[in-house]
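Read through the structure below, which is laid out as structure tokens, and then see the notes.
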């Protein structure tokens, strides 16, 4: 960049030499000889400067892009690391689409800003500095006309402050659009079934119109910079021409020095305009950078305690002692809940929606921390264990199955990254999934699409169960694990889970009470409290009991 800047500034000397030497050439044979000699002298300079400039320009563009792209790549890696380290609650505070837009839209803005800053800011700034030095060297009095450009500093600063706020509004709205698009495409089945295409088009159309409005507001602010510099540039040239004529007339300067200063201004004007425009890019980049650092700098609250220890293979004794929990907005989910599960037992959590069952499940792997009370494994507070070792000993099968756009084998293998294909096949058989897997086009190598869209609900659930079986954890959390299965598959999976559950502790959430008949103990939750405890038989006999009422409703 320095080499390119020097080569560009050197044009002022070239003009000075050319003009002055051409003025000194006389008539006749001697003049012709002098001109030939001069041409041979100046030709290498006229060829050499563009050659050096071209090579330097090519090299700096490659290097600047490499630096910028690598920096942005490192930033994205930090973002994904920070996102996965963040508390589970952070994902409920912000729509997924908005978070995704920071990885895509904001990073794209920063990438463009970094490339332009590295390529243009440093290069143009050096060019301006070297050109000013060259101009001052050749005619310092005339070059003082450049101070007129200083008038632009204050309006540009004022415009910059407005632009950063506008750029932030634009990027935040892009995040909103990303979130709305995710919702719209994700709900395509319902939208088509209910004939809501026009509604969605209108809803998203308003968002697109709002983005246009916000962006035009930003563009109108950006557009104010160029005219200011253009007008000031014209004033500078006018001042140089008028004062330059006076200097030449008074023999205070040569025509070559005047031409050199004018050439310098011709070099400076576009560079200064480029720097002014670049300020727009910088403001957009800083706005996006703030949003990205919001992700990178987010500190998780659920972390390992000092001197936290590893949870080795536990026996599986679980106790919730007078546990209460409230979300960040103050909503109470659990109040004074006490639950016990002995090693090898299966306990069930039942009750109407909103009773707190899923909250209990979420507290076990410390997706959230209790507000009051304590959860113990083998008599020790789970907060005394490292998060990684705690979660390594817990397997979750949820009603909402999470699958990735990868092979069947890979999706099952997420349960244990060290598992062999034989282990994966064994887990699939235990989950009653083997038969449908081998019937797929590529068997275990079949790519199942985004969120497993090529599979039925029951097939997805069996893959999720196979993943949990492969994990071989001592504590099993089953959140409506068999809700999507047909009767035949459910029977097979229940048998597999019973076999898997021997010697392991299971906490089961079930709405269908028929699936928890064999539970060692059933806890009925209502409005965040345990209102009944017992076996299926004892609770069924309770007249006017909550469990008995739920059973009666399900039996019709």
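Every number here is computed from the coordinates shown, using simple stated rules; none is lab data. Predicted model, so just to flag it, every value in this text is computed and none were measured. Methodologically, a virtual Cβ is constructed for each residue, glycine included, from the backbone with ideal geometry; neighbour enumeration extends over all protein chains shown.
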Give me the percent relative contact order of the chain, please, defined on Cα pairs under 8 angstrom at least 6 residues apart. 15 percent
Ordering of 56-62, 200-206, 348-354 by packing [mean C-beta count within 10 Å, highest first]: 348-354, 56-62, 200-206
Taking a crude spin-label model, label points 7 Å out from Cα along the C-beta direction, the residue 209 to residue 66 distance in nm is 5.0 nm
Determine the calculated [θ] at 222 nm for the chain from helices alone, applying -39500 (n - 2.57) to every DSSP H run no shorter than 4 residues and normalising by the residue count; nearest 500 deg cm²/dmol. -20000 deg cm²/dmol
Taking the mean number of other Cβ atoms within 10 Å as a proxy for protection, how do you rank 432-442, 458-468, 162-172 from highest to lowest? 458-468, 162-172, 432-442
Multiply the residue gap between residue 312 and residue 527 by 0.36 nm, knock off their C-alpha separation, and tell me the result in nm, one decimal place. 73.9 nm
Spin-label pair residue 438/residue 472, simplified geometry with 7 Å Cα→Cβ offset, distance in nm: 2.3 nm
Classified through the alpha carbon gyration tensor (a ≥ b ≥ c as square roots of its eigenvalues; rounded if a/c is under 1.5, else prolate when a/b is larger than b/c, else oblate), the stretch 319-437 comes out prolate
Likely footprinting exposure, 1, 141, fewest C-beta neighbours within 10 Å first: 141, 1
Using a ≥ b ≥ c from the Cα gyration tensor of the stretch 203-353 (square roots of the eigenvalues), is it rounded, prolate or oblate, where a/c under 1.5 gives rounded and otherwise the larger of a/b and b/c decides, a/b for prolate? prolate
Distance (nanometres) between label positions extended 7 Å along Cα→Cβ at residue 290 and residue 172: 0.9 nm
Taking the Cα centre of each part, how many Å lie between the stretch 435-455 and the stretch 272-338? 35 Å
Counting every C-alpha pair in the stretch 274-320, the percent lying more than 14 Å apart is 74 percent
Cut-off is 10 Å between beta-carbons; in what order do 137, 154 appear when sorted fewest neighbours first? 154, 137
Here the FRET efficiency for residue 92 versus residue 332, based on Cβ atoms and R0 = 22 Å and rounded to 0.05, is 0.85
If R0 = 56 Å, then residue 555 and residue 197, at their Cβ-Cβ distance, give a FRET efficiency to the nearest 0.05 of 0.85
Any chance you could run the full-extension gain for residue 456 through residue 216? It's 0.36 nm times the residue separation minus the Cα-Cα distance, nm to one decimal. 81.8 nm
Backbone N under 19 Å from the residue 374 label point (7 Å along Cα→Cβ), restricted to the stretch 295-315: 303-312, 314-315
Given R₀ = 22 Å, FRET efficiency for residue 302-residue 399 by Cβ-Cβ distance, to 0.05? 0.40
Reported label for calculated semi-axes √(5λ) of the Cα gyration tensor in Å given [x] 40, 32, 21; [y] 74, 25, 22; [z] 66, 32, 27: [y]
Using mean Cβ contacts within 10 Å as the protection proxy, how do 472-481, 293-302 order, highest first? 472-481, 293-302
How would you classify the stretch 372-423 from its alpha-carbon gyration tensor, with a ≥ b ≥ c the square roots of the eigenvalues: rounded for a/c under 1.5, else prolate if a/b is greater than b/c, otherwise oblate? prolate
